[in-house]
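For reference, the structure discussed in these notes is given below.
The values are calculated or read from the model by the stated rules, or taken from the named source; none is laboratory data. Since we're looking at a predicted model, the values are computed, not measured. Counting neighbours? That spans all protein chains shown, and the Cβs are built from the backbone with ideal geometry, glycine included. In case anyone asks, the SASA skips ligands and DNA or RNA and just uses the protein heavy atoms, side chains included. Shrake-Rupley method; radii C 1.70, N 1.55, O 1.52, S 1.80 Å.
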Amino acid sequence: MQLDRLPVEVLELVLAHLSLKDRVAILSSSKALSVTGCSLKLLGEELDITVQEQHLTSFQLWLRNRRWPLGSLKLTASSSSPQASADLLQELLASSVHTLSVTWTGPYVLCSPAAVPAPSLQQLTVTVTGSIEIHSSLSRLASLTTLTLVQSQGSAVPYFTLQPGWLPRSLEALQFVKLCQCPFQPGGDFPEKLQHLGLLFEANYSLGLEAFPTLWRATTQTTSWLPRFGGLISLHLAGSHLEAVPDHLAVLTRLQRLTLRCGVELHGDPWMLPLLGMLQLTFLDLGWRGLERVPDGILRLPKLQVLRLDGNPQLDPIVLPFSRATAPITHLALDLLHVMGSYDELGPLRSLRRLEGFFISEFEYGMAVLRDTLDSLRQAWPGVEVDIVYDYW
């Protein structure tokens with residue numbers, strides 16, 4: 001028997017005896033979805049679905065006529081027509097969806113000039129392989145609190161840009177992933193409620209030798225906008241191609257969480273000067289930055305509780321200035337030496353409660369070295385929870 005030929009009421013009765021995963025699998029491939037726009041109320045308020053291009057119109061019809069609330073939607077679709085993405089988003093904005101994640105292949109239009117206000121949408125994630133065209137009508141999403149934009153660099157298309165004034169006044173968190181150009185253009189102010197910003201850079205290797213100079217320009221231009229984010233309490237700046245912490249960070253004195261993970265090496269002491277005025281900082285991630293030492297000033301930040309230094313294999317824990325530390329660090333992550341050594345000389349870090357140690361050995365008998373390292377650590381910091389991640393070459 002073909003389920004596609006069953007009346008909607010009978011199909012729903014059949015689905016009632018299946019697991020949620022099986023319901024989604026059947027309805028995702030069923031013509032009932034694309035032809036009759038049947039009710040999917042048996043799926044609950046969350047839906048993760050892939051819609052073929054030829055079924056987009058029928059899917060929009062189902063969105064318009066469904067008989068149950070849809071709270072969360074993860075949608076994967078594609079089209080060569082920008083208008084198709086605009087029409088689909090119109091239907092989604094008019095629905096009851098509060099959490100929307102769209103993965104799209106092809107040109108994508110984010111909020112066409114005719115976009116209607118979204119009464120329920122709070123979180124929006126858009127991942128696009130292709131171009132992204134953003135319009136000022138984005139500001140009409142008056143309930144939106146979180147926006148994440150990801151543009152794949154697999155195709156040679158211009159990177160999207162937007163004006164600060166286009167962002168909804170309700171926005172609290174903004175994240176751009178795979179940045180290879182500055183996403184901002186002049187126009188208006190950033191929302192006053194915006195407290196969390198993520199800028200995750202990635203080199204566009206299709207540019208060949210120009211990939212890293214382009215990334216450096218993108219990082220420099222983008223971070224020059226940071227002084228306009230006066231209300232930030234959290235900044236995730238990863239993959240930057242800068243050899244020092246941007247001076248613009250010095251004005252972000254309200255920051256509580258700062259991630260500077262992954263990027264070119266930081267050498268000497270001047271790189272950390274913009275951080276010394278961040279007296280509210282409780283979380284600092286300096287992982288994978290080629291550090292050979294940690295300046296005393298970092299360990300004296302008055303509220304710092306979590307410090308991540310993993311991914312810096314040249315950073316010798318023995319020479320870390322813990323004896324001069326005044327920061328109330330409770331959680332520390334760092335690489336442990338891959339050679340035999342004693343950690344008895346580690347200075348006191350009285351507030352420490354948890355240590356994440358990343359241990360890499362060149363030899364298969366590294367487990368013996370690891371045991372000696374653990375014994376030394378427990379003697380140096382009694383009462384500290386030690387969590388070891390172990391691997392060998």
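Going residue by residue through segment 213-230, is there one that turns out to be closer than 22 Å to GLU265 by Cβ, part of a helix (DSSP H, G or I) and of a type in the set (Phe, Trp, Tyr)?
yes
Anything in segment 298-313 that is over 20 Å from ASP372 (Cα atoms) and open to solvent by 20 Å² or more (accessible area, probe 1.4 Å)? List them, or say none.
Matches in segment 298-313: ARG300, PRO302, LYS303, GLN305, VAL306, ARG308.
Take the conditions part of a helix (DSSP H, G or I) and either open to solvent by 30 Å² or more (accessible area, probe 1.4 Å) or at positive phi (or both) and apply them to SER143. Does it pass?
It is false that SER143 is part of a helix (DSSP H, G or I) and either open to solvent by 30 Å² or more (accessible area, probe 1.4 Å) or at positive phi (or both).
Could you run through segment 54-92 and say how many residues are surrounded by fewer than 19 Cβ atoms within 10 Å (Cβ to Cβ) and over 19 Å from LEU110 (Cβ atoms)?
Residues in segment 54-92 being surrounded by fewer than 19 Cβ atoms within 10 Å (Cβ to Cβ) and over 19 Å from LEU110 (Cβ atoms): 13 in total.
Residue pairs, Cβ under 8 Å, 6 or more apart or interchain, first in segment 68-93 and farther than 12 Å from VAL116 by Cβ, second hydroxyl-bearing (Ser, Thr, Tyr) and in a helix (DSSP H, G or I). List them.
Hits for this filter: SER79/SER85.
Go through segment 264-273 and give me each residue that's surrounded by fewer than 20 Cβ atoms within 10 Å (Cβ to Cβ) and touching a Lys or Arg at 6+ places or on another chain (Cβ under 7 Å).
Selection gives GLU265 alone.
Looking only at segment 175-194, which residues are open to solvent by 50 Å² or more (accessible area, probe 1.4 Å) and within 16 Å of the chain's Cα centre (by Cα)?
GLN175, LYS178
Looking at THR220, THR253, which one is surrounded by 15 or more Cβ atoms within 10 Å (Cβ to Cβ) and of a type in the set (Ser, Thr, Tyr)? Walk me through how you get there before you give the answer.
Details: THR253 fails: surrounded by 15 or more Cβ atoms within 10 Å (Cβ to Cβ).
Of THR220, THR253, the one residue that is surrounded by 15 or more Cβ atoms within 10 Å (Cβ to Cβ) and of a type in the set (Ser, Thr, Tyr) is THR220.
Could you run through segment 260-292 and say how many residues are within 15 Å of ASN312 (Cα to Cα) and of a type outside the set (A, V, I, L, M)?
Let us first name the residues in segment 260-292 that are within 15 Å of ASN312 (Cα to Cα), namely 260-268, 284-292.
Next, only the ones that are of a type outside the set (A, V, I, L, M) stay: 261-263, 265, 267-268, 285, 287-290, 292.
Within segment 260-292, residues that are within 15 Å of ASN312 (Cα to Cα) and of a type outside the set (A, V, I, L, M) number 12.
What's the total number of residues in segment 234-250 that are open to solvent by 30 Å² or more (accessible area, probe 1.4 Å), in a loop (DSSP other than H, G, I, E, B) and of a type in the set (A, V, I, L, M)?
Applying the first criterion (open to solvent by 30 Å² or more (accessible area, probe 1.4 Å)) to segment 234-250 yields 236, 241, 243-244, 247-248, 250.
Then drop every residue that is not in a loop (DSSP other than H, G, I, E, B), which leaves 241, 243-244.
If we keep only those that are of a type in the set (A, V, I, L, M) too, we end up with 244.
Residues flagged as open to solvent by 30 Å² or more (accessible area, probe 1.4 Å), in a loop (DSSP other than H, G, I, E, B) and of a type in the set (A, V, I, L, M) within segment 234-250 amount to 1.
Go through (1) under 18 Å from the mean Cα position of the chain (by Cα); (2) within 23 Å of SER323 (Cβ to Cβ) one by one and return the number of the condition LYS303 breaks.
It is condition (1) that LYS303 fails.
When residues of segment 319-334 are filtered for being assigned to a loop (DSSP other than H, G, I, E, B), open to solvent by 10 Å² or more (accessible area, probe 1.4 Å) and either closer than 9 Å to LEU349 by Cα or aromatic (Phe, Trp, Tyr) (or both), how many remain?
Here the count works out to 4.
Kindly provide the set of residues from segment 238-251 that are touching a strand residue (DSSP E or B) at 6+ places or on another chain (Cβ under 6 Å) and either modelled with pLDDT under 90 or more than 12 Å from ARG289 (Cα to Cα) (or both), ordered by number.
Listed by number, the list holds a single entry, SER240.
ASP189 versus (1) at pLDDT 95 or above; (2) closer than 15 Å to LEU226 by Cβ; (3) in contact with a strand residue (DSSP E or B) (Cβ under 9 Å, 6 or more places away or on another chain): which is the lone unmet condition?
It fails just one condition, (3).
Specify the residue that is farthest from GLY165 (Cα to Cα); the eligible residues are those in segment 97-119 that are open to solvent by 40 Å² or more (accessible area, probe 1.4 Å) and in a loop (DSSP other than H, G, I, E, B).
HIS98
Just to check your reading of the model, which residue among LEU291, LEU273 is assigned to a helix (DSSP H, G or I) and under 19 Å from LEU320 (Cα atoms)? Talk me through it step by step, then tell me what you get.
Details: LEU291 fails: assigned to a helix (DSSP H, G or I).
Exactly one of LEU291, LEU273 is assigned to a helix (DSSP H, G or I) and under 19 Å from LEU320 (Cα atoms), namely LEU273.
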